[in-house]
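Single-structure report; data block below.
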Amino acid sequence: MKKKYLGKVVVSVMVVLICLSGISVSAAEQKNAIDSGKVNAPISPYFLAITRCGNSLVLNSGGRLTCEGKTEVQYGYIAGLTIELQQYDEQWNTIKTWDASDSLFVSLSKDWYVMSGYQYRLKVTHTAMESDSTVIETSISYSETVTYE
């Protein structure tokens, strides 16, 4: 009987040690990343009010871009969305901007014709606001880059 109990204790201790060693390696890796300059932002929680966000940029025939953005927030907040269509000409320049807001979920899809020979992307700012328009949370996402030849 004592051998079974001792065996369970040994197995339990080994499981705890394995779990703890994984945590310490992860913490050590994070500390090394911070020390090496790979991570320089303060640690803070993200997406407390914003529950989903996304964007899409599609190049259609004739230089027509379809620009889309979506933001969803938790109950009690207002979802905000700003889409900036950017063109690359030695730096990224915003050439068109659209805004929208609505309670809980906002989606925006716009078409825009562009010139050939440039790269394009979307910069989408997702926001969660209170009813008085006070911004609670912001997240910025970028679409993939497309080139219109």
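Read-outs throughout are calculated quantities, based only on the coordinates presented, and are distinct from any laboratory measurement. Here the structure is a predicted model, which means the values were calculated and not measured. Neighbour counts run over all protein chains shown; Cβ positions are idealised from the backbone, glycine included.
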Note to self: Once you place label points 7 Å from the Cα toward the Cβ at VAL58 and ILE140, how far apart are they in nm?
What the structure shows: 2.7 nm
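Starting from the Cα-Cα distance between SER103 and THR51, subtract it from 0.36 nm times their residue separation and give me the gain in nm to one decimal.
Values: separation 52, 0.36 × 52 = 18.72 nm, distance 1.30 nm.
This chain segment gains 17.4 nm when fully extended.
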Checklist line | Cα centroid separation, the stretch 102-130 to the stretch 55-95 (Å) | finding: 2 Å
Checklist line | Efficiency of FRET from Cβ geometry, SER131 and GLN91, R₀ 35 Å, rounded to 0.05 | finding: 0.40
Next item on the list: For every other residue with a beta carbon closer than 15 angstrom to the beta carbon of ASP111, add +1 if it is Lys or Arg and -1 if Asp or Glu, then tell me the sum.
Entry: +2
Item checked: More than 20 angstrom apart: percent of Cα pairs within the stretch 50-148 -> 37 percent
